Each structure stands twice: as C-alpha cells, then as structure tokens.
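For reference, the structure discussed in these notes is given below.
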Amino acid sequence: MHVNHTSPTSVSVPTPALRIVAVGFHGLRALLEELAPQYYATADVHILDKTYGDALADITALRRHPGVDAVVAAGSNGGFLRQNLDLPVVLVKVGGFDAMHALTKASRHSRRIALVTYGAVAPEVSHFNEVFGLQVVLRAYRTEQDAEVCVQELKYLGIEVVVAPGMVVDLARAYGLEGVLLYSQESVREAIEDAIEVARISRLELAKREKLGIILGQLKDGVVAVDLEERIEVVNASMEKILGQPAGQLMGQRLASVSPELSLQNTLRSGQAEVEHVQEVGGRTLVTTCLPVTEQGRYTGAVLVCQDQVMIQRLDRNLRARAQPRTARAKYLLSDIIGQSASIAQAKALALICAHSLSTVLIVGESGTGKELLAQGIHNAGSRRGQAFVAINCAAFPEALLESELFGYVEGAFTGSSRGGKTGLFEAAHRGTVFLDEIGEMPLSLQTRLLRVLQEKEVLRIGSTAPIPIDVRVVAATHQDLAARIQAGQFRSDLYYRLNVLSITLPPLRERREDLPLLAAHLKEKVARRLGHGKSVDDGVVDAIVAASQGYAWPGNIRELENLIERLAAFHGAAGMGAEAVALELQAIAPELAFCCTTPGNDLSNTSSSDDLRDSREAAELQRIQAALKECNGDRARAAEILGISRSTLWRKLKRAGAQA
C-alpha cells in the first residue's frame, strides 16, 4: 500500500479523565466513598447510590454527558447492570480473605453464622468450611427475591448473624438479624483498579480505531470492508473515487450493488483469500486482494484492497526469506541450581566442564528434575553466553510441524506456508545454542535429518535445495532410556552416539532428599513472588512438608514440589498453627504425602526414635504400593511407573513387606 505523505494540520486536545461509575449503597457505598479520592489523579469515580433499574437509568443519562468508560458494581445489582449495559461492568469479587475476615468479625456477635454470596458458593469456601468444621451455613442467591427468601429461611433456622453483600445485609437487618458486609476494602480497591484498567484499554482501542481511520484516509490504495451481508462498514477516500460515491452514501449499501466487478460475495461464501487479481474497473486496471476478516476466532466479514497497477511495488522475497525471527535468551545460571547433595554437586561440576567445551551434551533425567535449567546454565557459563539460546520440546509438536520448526521452509513449500518462508530454529540459533528437550520422542524420519545437521553443520529448509551453513552448539535432554529405545528400533544408534559426547545425569528428588529443605525454602519464596502479596506458606508448614515426605517417591520431582507449595499457598489456613493442626491440614491438602501426624506438643521434625520413623515410613510406603497395584489391577509394571520406581525396586519392597509380615 502507498501512503500520501501530506499531513493535515492537527490540534492537540487534552484527553479527558477516565470516567468510572461505582454503584453501591450502605456499607459498600461507604467503602467506595473512602477509596474514590485516592484515584482523582487517574479517574473521576462517580458514586451512584441506586439499584437495578434506577441505577441503569442514571448511568444511561451519564453516558450522554460527560460520558462513562466503565462501571463498578456488586452482587445481583452488578449482574443486572452487566446484562443491560453495553459498557464494561466490573464486579467486586469476594476472595477467600474477604470471607474469612468477615466471618471473624461475625463470630464476635454469635456462633450461629450464615455466609450468603451472589451466584454460587465458591468450592474453596465449602471445602474450608468442611475441613475446619466451622459449621457456617452457606447460601447463594441471584435475584432480589432469592435474597429475601434466603434471609427468611436463615431466620427460621435460628441464624443470628448474616455475612453477605450489601442488599442481603439490609434484608437481614430488616428481619432482626445482625448483618456483616462481605466485601473488604481490598476487594473494592481491586474492582476500582480493574475498572480503571478496562477503561484505559477501551480508550486505547478507540484511539487505535481513530488512528486506523486516519491511516486509511491517507492511503492511495482503495480499501473497503463489509460485514457478513456485504454491507459496507469502512471505506477510505481512495475507494470513494474508485466507486464514484462519497462515504456517506456508500455506508450500509451492499458492495455488489455499487460495483458488481468488485463484489466480495465469493470471499464471504468460501472464507478464502483471493490475492492479487488483475481486474478492469471503470477503465482502470486494478490489482485487487480480497481477504476474510476474523475477530477473536469468529468470521465477521471481508475486506477489499485495490491497488493501481502503475503504483504497485513488491518487496524483495529474498529479503523476507532472510528475515530472522526474534531469538530467545537463557536466563538461568548454574548457581541457580539449588542443592548441596553430592549427586547435584557432581552434576553441576560436570556441567561446568561441559560449558568450557563446544561438544554436544546429553542430559538425562526424569521429568521435573530441571534439565532445561541445567542446559541454560551450561550455555551461560560458556563462550556463547551472549548469543541465542533456542529451546524446543520435541514431544510437543506433530512430526510435520516439528520439522518446519527445526529446519524452516521456503516460500511455497507446502499449502499454508507463510509468504517469504520461515527461518528454522537451527538458523535462529546461529552462533548460539539449540536445546532439544525430550529428544527421545523425536520421530525416526527427523532423527536422520538431525544427524545430518550435526555432521555437516548445515541445514536444508523444507522445499529448498540450497543448504545453509550454521554454527550451533547442541544440548539435548531426555527422560527416556535411549539404549532401550535403540533396542526397540525407536531411536537411531548413530544419532545417540553423536549426541552422547558429553553426558550428565540429573538425580531425581528422591535420591537427593538432603536437598529438600533448601529446595522447599527456595521454592516457597519463588511461589510467593509469583503469586504476589498475601500468598505465602509458613516456614513451619514447609518444614512439615520436608519431614512428612521423607518416604515419598516424588514422581514429579522438583516441579511436583513447587506445585505442592503453590497449592499450600492457596489453601493454607492461618499462620502460627500448632503442629497437630498443621498435620491435619496437610492431610487434607496434600494426601499424597501419606505422612505420620504427631501428637500434641511434639514437633514434626522430631521423633521418639529413628526406628519408629522408619517403620512409619515403610507402612505408608506399603499403603501407597498397595493402592497403586489396586488401581492398576495388579499390573506391577504400570504400578511402578505411577510410583516412580523401577519394577525391580517394587518387587524388592513387596518381598521385604511379605517377609516382615
């Protein structure tokens, strides 16, 4: 397309402040009034003390002047506004902290408490209520009528305090019950900030649309967009000249009725692009391109671009073919690998040796042991640290797609290929490192191509006959037994020997249990940073995990440990809980650990004797083995896989258990 460089005179107009309408009454209104002044610098928060139809009418009036960007509301009132407004409506969300804080406040009045929420009772609230035996009556409502029936029922049940949104609190007080507002200042603050962000994004989208209109207006190429019925929605000045009518007359007309030669009906029917067709229109030779339009995955219309033959300039295909994709960088160092055990220390020492070499490295280890982290550490400790580190999981792509990702393709290599072709990952990693994760899952046909790349130091794009020289260092990883796959005919032995120049075996977590405290402490902080403020796990609970999992196989290794800690961050109760309470909580949150609970007054990290601890662990281990065998209908191979141990280890443990019995 060609741009007219003549710029019209423009006047800078100050952007008006964002306009947020916050709907709330009584307790919620008080929170809104307290928070609104804090946002004067970024938004005008207008508080509306109305409900349902009255609120809708006032918001409709405000939209005319001075305008409304977004609405904040809560409960059924918010649900009503969301259904009846074509504006963004952000609901005040009730979090677990809000519920616990409000229930604590309610407990000062009475132990006969009910929690009423809009829509549905959150599963985690029900779970928490059951696990800790709070005996709080849980109810939900959707309409004002539902809410009143709910309050009547609660009064009949003898409930004395109702924790609920504002409308239900008012109803409860009207029926002589004590009412506690469910929303906290933080949840209201979050809703206001979400609404401001939504409004900001909406303003940006509007500015983009206006900018697009300006750009289209400056194009010398004619552009027209139509809906699914071929009615004209967008047309620029150049297309007005081609069609011979001003935009005001063209809008809403069917394109075929205005210019049958330029009809988009075929594109609308087929959903297929028609690129660079030469047509005669009104005595002019035009090159037309018809494209379907999709928005958020939905087919919504089509667009026609008309270019004058004398003004067409094509980009050099060779330049597009040589365009390099954005490369990735390795962010982890060998020092980021946590652990002081002999096995992990040896792995890090070997990795440092590998880093000082340019030979291919094969990392072997179970899933979740940190193979990519080690690969990045090797890259960053070597001479290529300033170059690209490109990673791909060979098990995550189908064969055809994996081939194009690794080696790239030229334009027209296959149906659907991108114009200009595509650079493969080996080219993108030139002078850097390629990390091939799960290499044992690579199809045999691609293993042959990979072997050639490693031997010849050149790559051949799909559809090309000209090899491209490359300089890459390859680090591969697998959790498979490659020797066994070679025997089964699933992995090439020559590729194995080419990859297995330098080899590192990463130990599973169960073989480096002495690193559990360090790993758990590190992952606890990592999870806290990722989840943000208010989401953490007490040191006591982390210590309890370490103590309780000494007999656990950790089939998911470090990844499983991190996921468990994140689960505890989500579900863990109050800080400073006693050992017995912690044990009970862990049983509910992480039953897979099958740990032994201590008696009151005993610390989880101390036991009366090492023999008792060993017996407890062996008993728990036997229970897990029996459960796995039952699940697999006695299939020992499958059970061993689930437990994360070898078949010989499973047989030995069953034999020992039988001898002891």
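Things worth noting here:
- Being on the phi < 0 side of the Ramachandran plot and part of a helix (DSSP H, G or I) is true of ILE59.
- Candidate set: the stretch 30-61, residues that are of a type in the set (Phe, Trp, Tyr) and in contact (Cβ under 8 Å) with a residue 24 or more places away in the chain; chosen: the one farthest from ILE192 (Cα to Cα): TYR52
- Residue within the stretch 259-270 that is exposed (fewer than 11 other Cβ atoms within 10 Å of the Cβ) and among the charged types (D, E, K, R) present: yes
- Qualifying residue in the stretch 450-461 (condition: more than 18 Å from ALA391 (Cα to Cα), among the basic types (Lys, Arg), surrounded by 18 or more Cβ atoms within 10 Å (Cβ to Cβ) and modelled with pLDDT under 90): yes
- Positions within the stretch 92-122 being of a type outside the set (S, T, N, Q), within 13 Å of VAL137 (Cα to Cα) and part of a strand (DSSP E or B), in sequence order: ILE113, ALA114, LEU115, VAL116
- Of the residues making up the stretch 80-91, those that are part of a helix (DSSP H, G or I) and touching a residue at least 24 places away in the same chain (Cβ under 8 Å) are PHE80, LEU81, ASN84.
- Any hit, the stretch 169-176, residues being farther than 14 Å from HIS101 by Cα, in contact (Cβ under 8 Å) with a residue 60 or more places away in the chain and not aromatic (Phe, Trp, Tyr): yes
- Counted residues, the stretch 137-194 - those being closer than 24 Å to GLY53 by Cα, open to solvent by 10 Å² or more (accessible area, probe 1.4 Å) and either of a type in the set (Lys, Arg) or in a loop (DSSP other than H, G, I, E, B) (or both): 4
- When ILE242 is tested against (1) open to solvent by less than 60 Å² (accessible area, probe 1.4 Å); (2) within 33 Å of the chain's Cα centre (by Cα), just one condition goes unmet, and that condition is (2).
- Of all residues in the stretch 606-644, those that are at pLDDT below 75, in a loop (DSSP other than H, G, I, E, B) and either among the β-branched types (Val, Ile, Thr) or surrounded by 13 or more Cβ atoms within 10 Å (Cβ to Cβ) (or both) total 2.
- Condition broken by ARG112, with the remaining ones in (1) within 30 Å of the chain's Cα centre (by Cα); (2) modelled with pLDDT of 85 or more; (3) not hydrophobic (A, V, I, L, M, F, W, C) satisfied: (1)
- The stretch 22-48 - residue that is under 12 Å from ALA74 (Cα atoms) and at pLDDT 90 or above and, of those, surrounded by the most Cβ atoms within 10 Å (Cβ to Cβ): VAL23
- Identity of the residue in the stretch 645-657, open to solvent by 50 Å² or more (accessible area, probe 1.4 Å) and over 16 Å from ALA553 (Cα atoms), that ends up modelled with the highest pLDDT: LYS655
- Scanning the stretch 465-486 turns up no residue that is in contact with a strand residue (DSSP E or B) (Cβ under 8 Å, 6 or more places away or on another chain), of a type in the set (D, E, K, R) and open to solvent by 20 Å² or more (accessible area, probe 1.4 Å).
- Qualifying position, being of a type outside the set (A, V, I, L, M) and at pLDDT below 90, among PHE435, PHE491, PHE426: PHE426
- Looking across the stretch 49-68 at every residue that is open to solvent by less than 70 Å² (accessible area, probe 1.4 Å) and under 19 Å from ILE201 (Cα atoms), the one that is modelled with the lowest pLDDT is identified as GLY67.
- All told, GLY432 meets the bar of being within 30 Å of ALA483 (Cα to Cα) and among the small types (Gly, Ala, Ser).
- Residue identified as within 25 Å of the chain's Cα centre (by Cα), in contact (Cβ under 8 Å) with a residue 12 or more places away in the chain and assigned to a helix (DSSP H, G or I) among ILE545, ILE558: ILE558
- In the stretch 520-573, the qualifying residues are those that are among the aromatic types (Phe, Trp, Tyr) and either open to solvent by less than 30 Å² (accessible area, probe 1.4 Å) or within 23 Å of ILE337 (Cα to Cα) (or both), and the one that is modelled with the lowest pLDDT is TYR552.
The values are calculated or read from the model by the stated rules, or taken from the named source; none is laboratory data. None of the values given here were measured: they were computed from a predicted structure. Note that each Cβ is placed from the backbone with ideal geometry, even for glycine, and that neighbours are counted across all protein chains shown. Areas reflect the complete protein model, heavy atoms only, side chains present, ligands, DNA and RNA absent. Shrake-Rupley method; radii C 1.70, N 1.55, O 1.52, S 1.80 Å.
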